[in-house]
Amino acid sequence: MTVAPRPADGQLDQSPVSLADFADLAREVLPAEVWDFVSGGSGVETTLAANRAALDRVAVLPRVLAGVEQPRTDAVLLGRAQSMPVAVAPMAYQRLLHPDGEPALAAAAGAAGVPYVLSTLSSAPIEEVVAATDGPVWFQLYWLRDRALVADLLDRAHAAGCAALMVTVDVPVLGRRLRDARNGFALPPEVIAANLPGGRDDLAHAGTPGVSAVAVHTGAVFAPVLTWADLAWLRGRTRLPLLVKGILDPRDAVRAADAGVDAVVVSNHGGRQFDGAPATATMLPEVVAAVGDRIEVLVDSGVRSGTDVLRALALGATGVLLGRPLLWALAAGGRAGAQAALDLLAVELRDGLTLTGCADPGQARRLRTLTGG
């Protein structure tokens, strides 16, 4: 399997009018097994479906006679002003979607004025991605069996100028992603885990019927045990803002705040880990209530539009991580596709703010929500 040819950067075969349009464009150009790798979830994909269903059940109660003509979309995340309360979620192996991969999506994020979160399993090295954008890059850390390699990744992230660290805590093992197993999915030779040493990377490229080579690779590299003591070590290892991604239980959010983190990300890994976990939109208000204003609370999983960003804000989030729609846009048009998607996101968010009577995202967090329509 090789990465399919893409339209030249700067070109789109069609002119999408919503973020949802990019999924259809991406499906036209991606190999079926790559589409499944990105769009699929774990198990029978109950949680994957629940994320979308839960957001669809959230109705936001608009305010009227607010006198808002041109709302602002700018917000502050981790003490830094940006154009929207949004960051690009960490997603692995972006050169599966387009040859320009992570540097292209990071550059688009920088041009749009939002942070780009770089995955440990990036197919481009940290240094190349940071150099490709004028915007902030947050480094996402998977906990590895080799603590020395963890320390090396942290040193590289600091040296490259990353603006924050995000540790993902919901992957003691990779969830059983049945689409990938059925496809015998393996990475093509040209797509590598660029931030990890060679050796065991071969495991990700060895296709076997009924087995996901990516799952075999991560099983060999990822540490199966991560504890609060490890988080304390990490907190002591960096002065950068620290986010913990993969929180669903409010008790864990409180404990993370006690451990000195700056933010948590309410996440079920886009429905790709425990199939049976609740939707993030369901748990978000409980987490916000538990931590109060002690730390920031971001959310991901199932977000597909500016309306969803507004819903998340109304549920109490300070920020939102956007994932799959930006991969579809990258597949459809490289950096230009990703920039078009982020531009559309801003239009959708601004439209939602106007229609709910909000002058800015801060006011959206004071809106009431109803569940069920």
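The values are calculated or read from the model by the stated rules, or taken from the named source; none is laboratory data. Quantities reported herein were computed from a predicted structural model and do not represent experimental measurements. Positions of Cβ are backbone-derived with ideal geometry, glycine not excepted, and every protein chain shown enters the neighbour counts.
Quick rundown of the values:
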quantity	calculated
Residues located in the range 176-199, provided they are in a helix (DSSP H, G or I), of a type outside the set (A, V, I, L, M, F, W, C) and crowded, with 16+ Cβ neighbours inside 10 Å	R179, D180, N183
Qualifying positions in the range 145-155 - of a type outside the set (D, E), surrounded by fewer than 18 Cβ atoms within 10 Å (Cβ to Cβ) and under 11 Å from N195 (Cβ atoms)	L149
Positions within the range 216-236 being of a type outside the set (F, W, Y) and either crowded, with 19+ Cβ neighbours inside 10 Å or modelled with pLDDT of 95 or more (or both), in sequence order	H217, T218, V221, L226, T227, A229, D230, L231, A232, L234, R235, G236
Any hit, the range 212-221, residues being under 27 Å from D100 (Cβ atoms) and among the hydroxyl-bearing types (S, T, Y)	yes
Any hit, the range 58-74, residues being within 20 Å of the chain's Cα centre (by Cα), modelled with pLDDT of 95 or more and not β-branched (V, I, T)	yes
Residue satisfying condition, being touching a residue at least 40 places away in the same chain (Cβ under 8 Å), on the phi > 0 side of the Ramachandran plot and either out of contact with any Cys (no Cβ under 9 Å at 6 or more places or on another chain) or of a type outside the set (S, T, N, Q) (or both), within set L97, L121, L65	L65
Test: residue in the range 136-146 that is touching a residue at least 60 places away in the same chain (Cβ under 8 Å) and under 17 Å from G236 (Cβ atoms)	yes
Flag if L78 is hydrophobic (A, V, I, L, M, F, W, C), at pLDDT 95 or above, on the phi > 0 side of the Ramachandran plot and in contact with a strand residue (DSSP E or B) (Cβ under 8 Å, 6 or more places away or on another chain)	yes
Per-region count, the range 101-137, residues of a type in the set (S, T, Y) and surrounded by fewer than 24 Cβ atoms within 10 Å (Cβ to Cβ)	3
Of residues in the range 358-373 being of a type in the set (G, A, S) and in contact with a helix residue (DSSP H, G or I) (Cβ under 8 Å, 6 or more places away or on another chain), the one farthest from R311 (Cα to Cα)	A359
Residues satisfying the stated conditions in the range 340-373, i.e. closer than 16 Å to P85 by Cβ, in a helix (DSSP H, G or I) and of a type in the set (G, A, S)	A346, G352, G362, A364
Strands (runs of 3 or more DSSP E) contained entirely in the range 229-316, each with at least 3 residues that are closer than 28 Å to G357 by Cβ and touching a residue at least 24 places away in the same chain (Cβ under 8 Å)	296-299
Residues being of a type in the set (D, E) and buried (at least 17 other Cβ atoms within 10 Å of the Cβ) - total across the range 31-80	3
Cβ-Cβ under 6 Å pairs, at least 6 apart or on other chains, the range 177-197 side acidic (D, E), far side at pLDDT 95 or above and part of a helix (DSSP H, G or I)	D180/F37
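Table: residues versus (1) of a type in the set (F, W, Y); (2) under 13 Å from P103 (Cα atoms).
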| residue | (1), (2) |
| --- | --- |
| A124 | no, yes |
| V129 | no, yes |
| G135 | no, yes |
| Q140 | no, no |
| W143 | yes, no |
| A148 | no, no |
| D152 | no, no |
| A160 | no, no |
| A163 | no, no |
